[in-house]
1. Find how much the distance from N9 to D29 grows on full extension, using 0.36 nm per residue of separation minus their present alpha carbon separation; answer in nm with one decimal.
2. Search the structure for amide H atoms under 5 Å from the amide H of I25, placed 1.01 Å from N in the peptide plane, and list their residues when 5 or more places away or on another chain.
3. Please give me the summed charge of the neighbours of A23: other residues whose Cβ is under 11 Å from its Cβ, Lys and Arg +1, Asp and Glu -1.
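Readers should treat all values here as calculations from the given coordinates under stated rules, not as data from a laboratory. A quick note: this is a predicted structure, and the numbers were derived from the prediction, not measured. Every residue, glycine as well, gets a Cβ built from its backbone with ideal geometry; the counts of neighbours run over all protein chains shown.
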Amino acid sequence: MQSGLNAFNTAQSGVAGMHSLAAFIRDADGRILGGVGGRTWGEVLDVRLVWVHDDLPAWDTGGSCLRRSTAILPAIGSISSRKR
């Protein structure tokens, strides 16, 4: 279903190239303390998951993960993000 929907969307919009995206916060030992997972399609960032370790303040760490994910958008060809 997903590949069929992707093909339809690409044909209708002329926008191709869905990319998976993940950004993480790690401690000094490399342990993941939080992260954001999602995908991009054209100029849209679709955040699917946000996770923060229980020992950390969720607001600050989650916000940091979101800022990191949007900071890398230009490198993968997506130049903006929109809130839904």
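1. Difference between extended and current length: 3.0 nm.
2. L33, G34, G35
3. Details: positive: R26, R67, R68; negative: none.
The answer is +3.
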